[in-house]
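The values are calculated or read from the model by the stated rules, or taken from the named source; none is laboratory data. Worth saying up front: this structure is predicted, and the values here are computed from it rather than measured. Heavy atoms of the whole protein, side chains included, go into the accessibility calculation; ligands, DNA and RNA do not. Shrake-Rupley method; radii C 1.70, N 1.55, O 1.52, S 1.80 Å.
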Amino acid sequence: ASLQSINKDVTDKLDEQKGALEQANLNIAAIKEDASSAKLELSKEVSSLRHAKSAVEEQVTSLESKLESEQLSAATKLAKVEDELDASILSKTILTNQVASLQNSNEGLVEQLREKEDALEESKSNIAALKE
């Protein structure tokens, strides 16, 4: 093997390895580009998800506020209804007592009327007896 032959073999091997290195560099560049593209897409997705999360948090805050307002309104209405119910119960009790009192008065008046009717009948009987 001559020096020229060895030199040619080494040059061929170097050329081969240089080609393989260039291909590897191209592959690395493509992988970097894919990774960069994927990173950009993920970044966009994260940004979109953060925006969606913020919107959902705002909705939750709004709904919580509405719920609190509606609970306060319901509590106020319930208190008013309870007050009206208490007033109605008191009015019913007063009316019941008044009806009972009127019934007692009526019974007393009916009794007085019977007594007067009886006295009138007795007086009529006495007048009739005197006429005879």
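Results, tabulated for the structure shown:
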{"quantity": "Within segment 17-28, tally of residues that are open to solvent by less than 80 Å² (accessible area, probe 1.4 Å) and over 60 Å from the mean Cα position of the chain (by Cα)", "calculated": "3"}
{"quantity": "Condition check for L14: in a helix (DSSP H, G or I), of a type outside the set (S, T, Y) and under 51 Å from the mean Cα position of the chain (by Cα)", "calculated": "no"}
